[in-house]
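Since every read-out is calculated from the coordinates, none of them should be taken as a lab result. This structure is a prediction, so every number in the text was calculated from the model and none was measured. When we count neighbours, we look across all protein chains shown, and the Cβ atoms used for this are built from the backbone with ideal geometry, even at glycine.
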Amino acid sequence: MSVIDNWDQWKHFLGDRLDQGKQEGMNNQVVSEVAYQVGEYLAEQVEPKNEQEAVLADMWHVASEEEQHAIANMMVKLVQKK
């Protein structure tokens, strides 16, 4: 099973990458921009592997760029909450 197949594993994976980035000195603005870029890549290049990812992809596709940044920031907050 891929880490992308399980929502909790996916959140844990993202949280670990976020922690790693912060340990390497990424500030919140950089984290936010990277999260947006990852969201854009996932929405354009990766087929959703579970229901949660499908919902996020659908929301991403109908959102304005500002709203996409908000979605990315909410994902960062979600994985920081672990």
Taking Cα Rg over 2.2 N^0.38 Å as the quantity of interest, determine which of (i) 1.09; (ii) 1.05; (iii) 0.97 was computed from the displayed structure. (ii)
Ellipticity estimate at 222 nm from DSSP helix runs (n ≥ 4, -39,500 (n - 2.57)) divided over the chain, nearest 500: -25500 deg cm²/dmol
Treat each spin label as a single point 7 Å out from the Cα along the C-beta direction, and report the PHE13 to GLU51 distance in nm. 2.0
Length gained when the stretch VAL62-LYS77 is fully extended (0.36 nm per residue, less Cα-Cα span): 3.3 nm
For the chain, what relative contact order do you get, as a whole percent, if you take Cα pairs closer than 8 Å and at least 6 residues apart? 44
For the chain, the helices passing both cut-offs (Cα extent along own axis of 18 Å or more, Kyte-Doolittle mean at least -0.5, full DSSP H runs) are 28-45, 65-80
